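Worksheet: the structure to be examined is printed underneath.
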Amino acid sequence: MFNIREGWQPSDDWLPERLLSQPLETSSGRVAALTPERLRGMINGYYAARGLDSEGRPAPADLTGLGLR
């Protein structure tokens, strides 16, 4: 809630473009790449696991339960 109060937006939950466009080669020779689609899926999964809506915000009832509303 602090971050939201200070102006956080869902678009702020993103990585620098370099991390999405430059694959990482591990010491074993394996190449790991992160696509924007995969990152979006990971972010959505995190939101769901934390009980947040698709915009990364808690439900109003949760805020009330925490005494924040």
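The helix-only estimate of mean residue ellipticity at 222 nm for the chain, built from DSSP H runs of length n ≥ 4 each weighted as -39500 (n - 2.57), is -10500 deg cm²/dmol after division by the residue total.
A dipole drawn for the stretch 9-56 from +1 and -1 charges on Cβ atoms has a positive end, and of 54, 22, 39 the residue lying farthest that way is 22.
Only the Cβ atoms of Lys and Arg (+1) and of Asp and Glu (-1) were treated as charged; on that basis the dipole of the stretch 22-69 about its Cα centre amounts to roughly 60 debye. For the chain, the share of accessible area belonging to carbon and sulfur comes to 54 percent (1.4 Å probe, ligands and nucleic acids excluded).
If you take the square roots of the eigenvalues of the alpha-carbon gyration tensor of the chain and sort them as a ≥ b ≥ c, do you get rounded (a/c under 1.5), prolate (a/b over b/c) or oblate?
Verdict is prolate for the chain.
Per-residue packing, averaged as other Cβ atoms within 10 Å, sorts the ranges 6-13, 22-29, 52-59 into the order 52-59, 6-13, 22-29, beginning with the highest. The 3J(HN,Hα) values that the Karplus relation (6.51, -1.76, 1.60; θ = phi - 60°) gives for the stretch 60-65 are, in residue order, x, 5, 5, 5, 5, x Hz. Gly and Pro appear as x. Segment residue 54..residue 14, full-extension length gain: 13.0 nm, with 0.36 nm per residue of separation and the alpha-carbon distance subtracted.
Using the Cβ-Cβ distance between residue 24 and residue 46 with R0 = 35 Å, the FRET efficiency computed as 1/(1 + (r/R0)^6) comes to roughly 0.95. For the chain, the longest principal axis of the C-alpha atoms and the axis of helix 36-49 are separated by about 40°.
The values are calculated or read from the model by the stated rules, or taken from the named source; none is laboratory data. In this text, all values refer to a predicted model and were calculated from it rather than measured experimentally. Cβ sites come from the backbone with ideal geometry, for glycine too, and all protein chains shown count toward neighbours. SASA here: full protein model, heavy atoms, side chains in, ligands and nucleic acids out. Shrake-Rupley method; radii C 1.70, N 1.55, O 1.52, S 1.80 Å.
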